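Chemist: Take this structure first; my questions come after.
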Amino acid sequence: SGVPHEVFERGLLSWFNPFNVRLMLIKSVVFAFILISIACFQGYYVKGGALELGKASTRAVVHASILILAFDYVIAEILL
């Protein structure tokens, strides 16, 4: 029932490009570094109580999202 293993493997490998795997690994490392750096920076310099912590976490998410979009474009331009 279904597709034979050899046909499935041949079809999978016909579209496989190792460069795409390397590109996605590079992007994931860069994006993780951006998320961690921004969140740690915002958390380290927060002053006040719970309200300020909420504002700092919102700033961290917004800044990280913008930087991820920018770095996604930069990485794509450099590597492609």
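The values are calculated or read from the model by the stated rules, or taken from the named source; none is laboratory data. These figures come from a predicted structure and were not determined experimentally. Reconstructed Cβ throughout: ideal geometry from the backbone, glycine too, with neighbour counts over all protein chains shown. Surface accessibility is based on the protein's heavy atoms, side chains included, excluding ligands, DNA and RNA. Shrake-Rupley method; radii C 1.70, N 1.55, O 1.52, S 1.80 Å.
Chemist: Out of curiosity, is residue 53 part of a helix (DSSP H, G or I) and exposed (fewer than 10 other Cβ atoms within 10 Å of the Cβ)?
Modeler: Judged against the criteria, residue 53 is not a match.
Chemist: Follow-up. Scan segment 34-49 for residues that are open to solvent by 50 Å² or more (accessible area, probe 1.4 Å), of a type outside the set (Phe, Trp, Tyr) and in a helix (DSSP H, G or I) and jot them down.
Modeler: Passing the criteria: 35, 36, 39, 40.
Chemist: OK, next. Collect the residues in segment 66-80 that are open to solvent by 60 Å² or more (accessible area, probe 1.4 Å) and in a helix (DSSP H, G or I), keeping them in residue-number order.
Modeler: Hits for segment 66-80 are 66, 67, 69, 71, 73, 74, 77, 78, 79.
Chemist: While we're here: Please find, within segment 1-16, the residue that is least open to solvent (accessible area, probe 1.4 Å) out of those that are under 29 Å from residue 79 (Cβ atoms) and either modelled with pLDDT of 95 or more or outside any loop (DSSP other than H, G, I, E, B) (or both).
Modeler: Once the filter is applied, the top-ranked residue is 11.
Chemist: How many residues are surrounded by 11 or more Cβ atoms within 10 Å (Cβ to Cβ) and either among the small types (Gly, Ala, Ser) or without any contact (Cβ under 8 Å) to a residue 40 or more places away in the chain (or both) when one looks only at segment 21-31?
Modeler: Of the residues in that region, 1 qualify.
Chemist: Moving on. So is residue 19 over 13 Å from the mean Cα position of the chain (by Cα) and assigned to a helix (DSSP H, G or I) or not?
Modeler: yes
Chemist: Going by the structure shown, is residue 31 assigned to a helix (DSSP H, G or I) and either in contact with a Leu (Cβ under 9 Å, 6 or more places away or on another chain) or within 26 Å of residue 80 (Cβ to Cβ) (or both)?
Modeler: So residue 31 passes the test.
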